[in-house]
Amino acid sequence: MRENSNRNGKREAGFIAQELYTAQQYADADWLELILKSNPDRLEASAMKLFPILIKAVQELSKKVNLFIFRDRYRYLNFIN
């Protein structure tokens, strides 16, 4: 992720298009079209296409966190009884 970038005097954050392109190629996921290639001299990331993927990843991680919390509470209750 790109941070503290200055463009036209404004601070912004974003994704590094080359990194997304590499990840997309590695995963054989060109169908995601995460990179805009309209200008061959400059790659641009299409961040909006990442939202469904990121939301799904957060949902999966939330399930894992809840499972660990439940497991630890169960172990604690069994320990004190």
The one condition residue 12 fails out of (1) outside any strand (DSSP E or B); (2) surrounded by 10 or more Cβ atoms within 10 Å (Cβ to Cβ) is (1)
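Output the residue which, of all residues in region 31-42 that are over 20 Å from residue 54 (Cβ atoms) and either surrounded by fewer than 10 Cβ atoms within 10 Å (Cβ to Cβ) or in contact with a helix residue (DSSP H, G or I) (Cβ under 7 Å, 6 or more places away or on another chain) (or both), is modelled with the lowest pLDDT. Before you say what the answer is, go through the steps one by one.
So the first thing to find is which residues in region 31-42 are over 20 Å from residue 54 (Cβ atoms), and the list is 37-42.
Narrowing the set further to residues that are either surrounded by fewer than 10 Cβ atoms within 10 Å (Cβ to Cβ) or in contact with a helix residue (DSSP H, G or I) (Cβ under 7 Å, 6 or more places away or on another chain) (or both) leaves 38-42.
Working: 38: 85, 39: 83, 40: 78, 41: 86, 42: 87.
So the residue we want is 40.
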The one condition residue 58 fails out of (1) surrounded by 11 or more Cβ atoms within 10 Å (Cβ to Cβ); (2) β-branched (Val, Ile, Thr); (3) modelled with pLDDT of 90 or more is (1)
Checked against (1) among the acidic types (Asp, Glu); (2) modelled with pLDDT under 90; (3) not in a helix (DSSP H, G or I), residue 28 satisfies every condition except (2)
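The values are calculated or read from the model by the stated rules, or taken from the named source; none is laboratory data. What you see is a predicted model, and the numbers here were worked out from it, not measured in a lab. Backbone-built Cβ (ideal geometry, glycine too); neighbour counts: all protein chains shown.
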